[in-house]
Amino acid sequence: MTWRPPVDDIVFTLTRIAGAAPGRGEPGAAIVEADVRAVLDEVGRLCAERVAPLDRDADRVGAAWHDGRVTTPAGFRDAYRAWCAGGWNGVALPEAWGGAGLPTLVGTAVMELLTGACMAFATLPVLTQAAAECLDAHADDALKARYLPPLVAGTWTASMNLTEPQAGSDLGLVRCRAEPIDGGRYRVTGSKVFITFGAHDLAETIVHLVLARLPEAPEGSRGLSLLLVPQRLPADDGGLGDDNAVHCVGIEKKLGLNGSPTCALRFEGAVGWLVGRPHHGLAAMFTMMNKARLATGLQGVAMAEKATQKAAAFALERRQGRAPEATGGGSAAGGSTSAAGRAGPVPIAAHPDVARTLARMKALTAAARALAYAAAAAIDAAAHDAGSAGAARAGFLTPVVKAFATEIGCEVASLGIQIHGGAGYIEETGAAQLWRDVRVAPIYEGTNAIQAIDLVTRKLPLDGGAEAAAIATLCRADIAAAADALGPAATARLGAAVAALERASRQLLDPAMPAPARLTVASDYLRLVGIAVGGALLARGAAGDDGDERGDDGGATAQAGRLARVFAEDVAGDAVGLAERIAAADRRLDDYRALAGLG
Ligand SMILES: Cc1cc2nc3c(=O)[nH]c(=O)nc-3n(C[C@H](O)[C@H](O)[C@H](O)COP(=O)(O)OP(=O)(O)OC[C@H]3O[C@@H](n4cnc5c(N)ncnc54)[C@H](O)[C@@H]3O)c2cc1C
């Protein structure tokens, strides 16, 4: 089955759910459906024709390391050239540096398509775009002028260097050092591990953004500085000069994402330049990390979509058993062909359990997509008007998108395997690859537990929980506006999820709640937010659904109504249980600690 760029679904989410957002540099300009569709059709073609065909070999052959050099799978170079030549790398980056300056919403849609075509390939532009945003926000003018134009064009790429063997979630343990030399330059020494596209053969050079410690830096994460370390030093004539002292000493063998090289890098006194202020590197790096976190959530969306497309196609082709109508309720596979003269075998989609599973996959995917684009719209709102609610909304939603959407990516990819039966467990169908590839998404860019802790301990308490309260109010309005389309049962379920969110927010904001209890249920709260807000956003898309399949929109609203009702009835019911768990958090702490072997 061939992956199909889900342009219609993205355009619907963009225009009907996330809302038109002001274009950067063009105050008041709204996203026009026809324009955005034209953009997505074009990039969708590139992704389908040039990138998607590389996905299987990206997995089977993967990237290779030999003698310090990394080669990417065959076809990556040509596809990457086509990506850059089309100007897609800079589609949502500032025009001042050669980008198209389109809203983050559109950039998000472009990256969803590229990721769906080949997640491993897409990890390279993600990091380059995130680094460009970081430099644009924090670097001095000289660094911007030298590095931003080629990064925006994609002729140079970037890597993000946080992790060290002893420093993963806890970046306060970073040991990499940066010693001043002259003229604002530093010598960077140390080892970084797990660096995505830290070495490769796709671009002229690589710009490493590195967290390191200056001499006499304070201990912990407050003592980190951000250094730009180019793989090739600037030559006197402004071109690319000698190699810098950065070496790729190996790449990891992984569960999936094999086309994306995960590199161990050694910095041996490599020359670098400070980005931003000394000891404020983590704050600067957060510009890059936030962008990458959203992009990681989007990986969950894109892979859920791909798994769903594959499973849906398989479920219409694969024939087993009889339709329930023909058997009076039973449809045992073993009996499918034995009963002489009776109808069968039928496509497995005809079995209610398979149909339900497919519907769940579609509803989860749609909710994750709605959340990701809602966060992108909030980023656009903040960029357009710093005083708007956009910044707080984007800050609140970013960890939710990262964690909730990546969990959905894994769940849906796993359900996709299940729908394939035994064929899903063998590699031939490609269903297993999707799960292997996306399985890293809840781990990297800050594990999902770290996202949940960020949400509960930093984002939720801001302004006494104002953003959580504001979001809940919006959710209620969306659900009320869609009540006719949803019907009473689904309306009640979604309303109960929002009420559960409000209760849980109040409990977590209560200073009397012990800190360990709050941390214990942080992941439950994040999921609760994802369910309540995701459900309300689907309701927003469903408003106006009158069951008309042949309406002006080709049945898109009717489809949105179905997705919202399925999400409400099959997923949103979990919200009440999550809220109950949050309310009883401290009751189970002793059991948890004992079962973890802590005595
Ligand atoms: C394929 C791949 C690509 C990557 N690319 C990059 C990259 O480009 N750049 C880069 O810098 N890094 C990269 N990473 C590293 C990645 O970001 C880290 O693996 C991740 O941050 C987790 O760190 P860790 O592996 O050391 O796990 P640990 O921090 O050791 O965590 C282990 C477990 O403990 C939990 N845990 C740890 N601390 C806490 C806490 N305070 N509260 C609750 N739970 C906690 C975690 O959630 C996790 O379940 C990549 C990793 C992979 C696998």
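A few notes on this one:
- Tilt relative to the chain, helix 104-117 - C-alpha long axis, 0 to 90 degrees, to 10: 80 degrees
- GluC sites (Glu not before Pro) restricted to the stretch 513-589 and DSSP loop, no more than 16 other C-beta within 10 Å: Glu549
- Spatially near lysine pairs across the chain, Cα under 27 Å, sequence gap of 8 or more or different chains: 24
- Per-residue Cβ neighbour rank within 10 angstrom, fewest leading, His208, His66: His66, His208
- Convex hull volume per residue for the stretch 73-209, taking Cα atoms only, in Å³: 129 Å³
- Cα→Cβ-extended label distance, 7 Å offset, between Asp201 and Ala477, nm: 5.5 nm
- Average projection, convex hull of the Cα set of the stretch 234-277: 5.3 square nanometres.
- Length gained when the stretch Ala492-Thr2 is fully extended (0.36 nm per residue, less Cα-Cα span): 172.5 nm
- In this simple spin-label approximation, Asp570 and Phe286 carry label points 7 Å from Cα along the Cα→Cβ vector, and these lie 3.9 nm apart.
- Dimensions in Å of the stretch 451-539 - Rg and Dmax from alpha carbons: 13.5, 43
- Rg ratio for the chain: its Cα radius of gyration over 2.2 N^0.38 Å, N being its residue count, equals 0.98.
- Spherically averaged projected area of the stretch 361-506 from its Cα convex hull (nm²): 10.6 nm²
- For peptides 211-223, 349-361, 1-13, sequence by mean Cβ density within 10 Å, most packed first: 1-13, 349-361, 211-223
- The slack between Leu255 and Asp141, meaning 0.36 nm per residue of separation minus the straight C-alpha distance, is 36.9 nm.
- Net charge dipole, the stretch 403-528: roughly 360 debye, given to the nearest 20, about the Cα centre with Cβ charges of +1 for Lys and Arg and -1 for Asp and Glu.
- With Cα atoms, 0 to 90° folded angle of helix 483-509 axis to the chain main axis: 40 degrees
- Residue exposure sequence - Tyr147, Tyr425 - by fewest surrounding Cβ within 10 Å: Tyr425, Tyr147
- Peptides 99-106, 478-485 ranked from most to least packed, by the mean per-residue count of other Cβ atoms within 10 Å: 99-106, 478-485.
- Efficiency of FRET between Leu519 and Arg60 - r from beta-carbon atoms, R0 30 angstrom, step 0.05: 0.15
- Modelled spin labels at Glu49 and Glu428, positioned 7 Å past Cα toward Cβ, are 3.2 nm from each other.
- Test item: Cα-centred dipole of the stretch 365-448, Lys/Arg +1 and Asp/Glu -1 on Cβ, debye: 140 debye
- Placing unit charges on the Cβ atoms only, positive for Lys and Arg and negative for Asp and Glu, gives the chain a dipole magnitude near 1220 debye about its Cα centre.
- Global form of the stretch 30-98, assessed from the alpha-carbon gyration tensor, a/c cut-off 1.5: oblate
- Ranked by how many other Cβ atoms sit within 10 Å of their own Cβ, fewest first, the residues Arg232, Arg16 fall in the order Arg232, Arg16.
- The angle between the Cα long axis of helix 352-384 and the main principal axis of the chain comes to about 40°, on a 0 to 90 degree scale.
- Stokes-Einstein translational diffusion, the stretch 471-599 - Kirkwood Rh over all Cα pairs, 0.692 mPa s, 37 °C, in µm²/s: 210 µm²/s
Read-outs: derived from the displayed coordinates by stated rules, not from any lab. Since the structure is predicted, the reported quantities are computational estimates derived from the model, not experimental observations. With ideal geometry, Cβ positions are generated from the backbone for all residues, glycine too; neighbour counts draw on all protein chains shown.
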